[in-house]
1. When the accessible area of the chain is computed with all protein chains present and a 1.4 Å probe, what percentage of it is carbon and sulfur?
2. Once you have the Cα-Cα distance between residue 373 and residue 623, take 0.36 nm times their residue separation minus that, and quote the gain in nm to one decimal.
3. Taking the C-alpha atoms of segment 235-334, how large are the radius of gyration and the largest Cα-Cα span, Dmax, in Å?
4. Using the Karplus curve 6.51 cos²θ - 1.76 cosθ + 1.60 with θ = phi - 60°, what ³J(HN,Hα) values do you get for each residue of segment 7-12, in whole Hz, with x for Gly and Pro?
5. In the chain, once you exclude exposed GluC sites (Glu not before Pro) (DSSP loop, at most 10 other Cβ within 10 angstrom), what's the longest stretch remaining?
6. Quote to one decimal, in nm, the extra length available between residue 568 and residue 208 on full extension: 0.36 nm per residue of separation minus the C-alpha distance between them.
7. Just going by the charge dipole of segment 98-192, with Lys and Arg at +1 and Asp and Glu at -1 on Cβ, which of 176, 127, 109 is farthest out on the positive end?
8. Got the relative contact order for segment 346-498 handy, in percent, Cα pairs under 8 Å and 6 or more residues apart?
Amino acid sequence: MIRQGFVVIYGVLIAALLLCQHIARKSKKKIGRSVALLLAGLVPPVTGNLLIIASRDQTLSTIGYYIYFLGMNFVMFALLKFTFEYCLLDWPSKSVRNLVYSLLTIDTIQYAFNSFFHQAFSTEAIVVDGANYYRLVPYFGQTFHRIVDYGIFFAVLIIFATKVIRVPHIYVERYSSLLITMILVGIWETFYIFSRNPIDQSMIGFAVFGLIVFYFALYYRPMRLLDRMLANIASDMPDALFFFDAVGRCIWANDQGKKLVNLEDNNFEPATERLEKMFQLPDLKSSETMLRTQFTFGNGENARHFVLEKHEVSDTHGRVTGSFLSVRDNTEEQRAYEKQQYIARHDVLTGLYTREYLYERIKKTIQTNQNIEYYVVFMDANNFKVINDIYGNDFGDFALKNLADWVRNNFPASAIYGRIAGDMFGICLPVSDFDEGHIENELVNFTIKDEKLEHPLLVHLGVYKVVEPGLDVSVMFDRARVALSTIKDEFQKHIAYYDDNMKEKILWDQLISSQLHKAMETREIRPYLQPIVDRNGKVVGAEALVRWQHPIDGLLNPGSFMPVFERNGMVAEVDKYMWRYACEILARWKKESRDLFISVNISPKDFYFMDVAEEIKSVVREFDIDPAKMRVEITETAMMEDIDNRVRVLNDLQQNGFMVEMDDFGSGYSSLNMLKDMPVEVIKLDMVFLKKSDNDYKAKKILNHIVKLSDDLGVTSLTEGVETHDQYEMLVDMGCKLFQGFYFAKPMPEEEFDLFCVNN
Ligand code: C2E
Ligand code: MG
Ligand code: MG
């Protein structure tokens, strides 16, 4: 009965060992191989024992003993290998290793010789509980075997024991469980040796040891280690963390969490209620799976910002087992973000909104308050550049800050304002809050004043009433700006409103801008020539004045389209085209031996878009024309900016044989002053001097003196706008040299001009 019982147990153990060995061999873990070796090693001694127990025959028993002892040697070899790997150790030295392996080999060999010399063991028949067994009779060879195997076994025990003592607490389990099993097995085995029982029950222990090794080496994961690690991470987190059970009771909080809700001891339960109250949270017990909110305490500088996040924890069946809440104090981040936002949204100099942010704010305001009517106001200071030029940039900056302050102080709280660029500001406010009378009064005597300086500033506002809230804010400001442009130089009126005519004008401006290139190609645009005559009424030349024979709008004068191109810069293309056209005419005249000159106009904007001197020189060269036949007209206002450079251009032209004329002399602010600096050969007196007025007498006197002055300076005088015979006579008397005006002829197409000259 006992015999059969053990046979079954051993059979089961062998099967278990083989199965585990198979799994271990397949394992991807590195230690899998040595575990498999150990398990494989355990199979022979267990089988040997099975044989000893099962056989009633001496030979079979003896074979069983051989398998058992030799198998044990193999187990020791495999146990060593496993131990070093499991304990992350290596042999203390090569000689120790060689010694141990030699002892095992010698022992194995001496067993092989036992059948001849019987120096290790023999067997004797005994009867236990009426059953026959063959018991081991040990000799000195067997003692040697025991010393070797016990030696190795003890060494392994010591290695494990050292590990248990040395490793951190959480790893102890990993080593102690194996150590304890080995000690028990060792005791069991020793008991068997001394009891001289024919059945070595301790083999059960060895087999179980193998299975425990299998588990610890390949499957055991120290849960306590994981727990500890997670707890450490949770404790060290800068966020406050709270863990709740399935019914929302707080079961744990880290130190930060305890501090946040004032938990003194380890009673975490009050945390739930305190958190709900503090952050005005919905019921933490029943709130949704995931919750993310932000919360701010206080405001302004003292504000503290928190981000709250709650997650639910579910088990493998999807049942909610609890939840955790993290509360992060992100005040610093928020402050840094706000600071960055502030910098991005505010103009450094004035502290007002930047254009981008202003537009964004206006857009939002208009869209969210569809029932309120708004004005978008464009504000610009006239000739601001002069302030920088005359007083320097510091005073310029001071003036801009003053303008910003003025906006702050004179617009209501409902207004949104910012600096669009340079000296341009933008404001948006409800129509009902705009106090036009007050603003107009304020602007009448607007001055910039510091301790030393005082400068009047002409400030205008263009106002667009938002009737299309969907419009781009930049377009709204464009419209306000168009309104402003209608009063740009006015001193009496400071506020202008946009109306639909202006809109049509904008559309028309856009249309003609898009048609310009085509119009030049098809020669819809071309010069009209207005004759210039001498004292005897003889035609000596002509001024080329641009005209556009528009297919829909008819003949257009420059006054209707040139300002548009002046604004968008296309004027330079028109002028280039005009100069080239003038050269073409001059080339034809040259061929026809007609000795006349043509004056062309230069716009101040041309200087921004090209090298004026180079351009004119090259076109004259191209058509092979005498530069003296090409005169260039430039107004004094064109010389106001960047004067040094422009004087250089005029000098360049003169040196290359061109004649320079000062156009519209007397119409600007400082004609006489400019005369001093501008290198000119002709001055064209503006028609203002000829206009009928109460001060005719004075005007005549001035005219007379200018003519004399130009004589003195060696400059030719030419009077424009001569409309009557009387005027002509008077000017001849005064000594004026050249004349241009309707009295002689209006500007006319090239062909007509040819005829006019023939009849002259
Ligand atoms: P501007 O250069 O001073 O040209 C003289 C303007 O006076 C011309 O007007 C001409 O038609 C007009 N005018 C001539 N005689 C009389 C007169 O007896 N009575 C009156 N009331 N007016 C007279 P227009 O052609 O309309 O040109 C106006 C301005 O447009 C020009 O003034 C010039 O500044 C500009 N302009 C014309 N063509 C060009 C061009 O090709 N390029 C540039 N940049 N500007 C041009
Ligand atoms: Mg002119
Ligand atoms: Mg003129």
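The values are calculated or read from the model by the stated rules, or taken from the named source; none is laboratory data. Predicted, not measured: the structure shown is a model, and the values here were computed from it. In this analysis, Cβ positions are derived from the backbone assuming ideal geometry, glycine residues included, and neighbour counts consider all displayed protein chains. Side chains included, ligands, DNA and RNA excluded: accessible areas come from the protein's heavy atoms. Shrake-Rupley method; radii C 1.70, N 1.55, O 1.52, S 1.80 Å.
1. 56
2. 83.9 nm
3. Gyration radius and largest Cα-Cα distance of segment 235-334: 13.6, 48 Å.
4. With the stated coefficients, segment 7-12 comes to 4, 4, 4, 4, x, 4 Hz.
5. Between exposed loop sites, the widest span is 1-263.
6. Gain on stretching residue 568 to residue 208: 120.1 nm.
7. 176
8. It rounds to 30 percent for segment 346-498.
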